[in-house]
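A.B. asks: Mind looking over this structure? Questions follow.
The values are calculated or read from the model by the stated rules, or taken from the named source; none is laboratory data. These numbers come from a predicted model, not from an experiment. Please note: Cβ atoms are built from the backbone with ideal geometry, for glycine as well, and neighbour counts cover all protein chains shown.
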Amino acid sequence: MKAPEIDDEDQIGSKPRSRSGQGWSDEDLENLFYHKELREFLDRGILRLKQVGDPREPVSAPIKTANKLEAVKDLLRLLKEAGMTTGAFDADDVFDLDLKVIQTATKDLFSKLKILVGEVP
């Protein structure tokens, strides 16, 4: 990967990268790292997701927690609200993930669902 040019568009979002021209900012690197982890998490199919229905009801915003167990439970809750169910999965694989990866997965899923069905007030 090459360092971004001044005012290049971020690969993940639409905000400009570092305007200093000194290369990657810490925020850029963290953002890319966690999105890479998210893609790998979803590609591994750890949760073996199956969509059983289309999301129709507003979804609840993710909780803020520093507890990995609570973060996993929140992700599973959001998946259920989205009409997805998990297959049999190895909990060790899920709990081996970094807390930030779990939170990013939940936040990204919520952002996409919120556009489709809205947010619970």
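A.B. asks: If you scan region 48-73, which residues turn out to be at pLDDT 90 or above and either assigned to a helix (DSSP H, G or I) or touching a strand residue (DSSP E or B) at 6+ places or on another chain (Cβ under 8 Å) (or both)? Step through it out loud before you land on a result.
C.D. replies: Within region 48-73, the subset at pLDDT 90 or above is 58-73.
Residues satisfying the conditions are Pro58, Val59, Ser60, Ala61, Lys68, Leu69, Glu70, Ala71, Val72, Lys73.
A.B. asks: In addition: I need the full set of residues from region 105-121 which are buried (at least 19 other Cβ atoms within 10 Å of the Cβ), in contact (Cβ under 8 Å) with a residue 40 or more places away in the chain and either out of contact with any strand residue (DSSP E or B) (no Cβ under 8 Å at 6 or more places or on another chain) or not in a helix (DSSP H, G or I) (or both), in order please.
C.D. replies: Answer for region 105-121, where residues must be buried (at least 19 other Cβ atoms within 10 Å of the Cβ), in contact (Cβ under 8 Å) with a residue 40 or more places away in the chain and either out of contact with any strand residue (DSSP E or B) (no Cβ under 8 Å at 6 or more places or on another chain) or not in a helix (DSSP H, G or I) (or both): Ala105, Thr106.
A.B. asks: Suppose we filter Leu38, Leu76 for residues that are in a helix (DSSP H, G or I), modelled with pLDDT of 80 or more and of a type in the set (A, V, I, L, M); which single one remains?
C.D. replies: Values: Leu38 fails: modelled with pLDDT of 80 or more.
Being in a helix (DSSP H, G or I), modelled with pLDDT of 80 or more and of a type in the set (A, V, I, L, M) holds for just one of Leu38, Leu76, which is Leu76.
A.B. asks: Same structure, new question: Taking region 79-97, which residues are assigned to a helix (DSSP H, G or I) and either closer than 23 Å to Leu116 by Cβ or touching a Cys at 6+ places or on another chain (Cβ under 6 Å) (or both)?
C.D. replies: Selection gives Leu79, Lys80, Glu81.
A.B. asks: Being surrounded by 13 or more Cβ atoms within 10 Å (Cβ to Cβ) and of a type in the set (Gly, Ala, Ser): is that true of Ala82 here?
C.D. replies: So Ala82 fits the description; yes.
A.B. asks: So, one more: For Glu81, work out the one condition from (1) at pLDDT 70 or above; (2) within 15 Å of the chain's Cα centre (by Cα) it doesn't fulfil.
C.D. replies: So the condition that Glu81 fails would be (2).
A.B. asks: Now, a different point. For region 84-121, how many residues are under 20 Å from Ser60 (Cα atoms), among the hydrophobic types (A, V, I, L, M, F, W, C) and under 16 Å from the mean Cα position of the chain (by Cα)?
C.D. replies: The total comes to 9.
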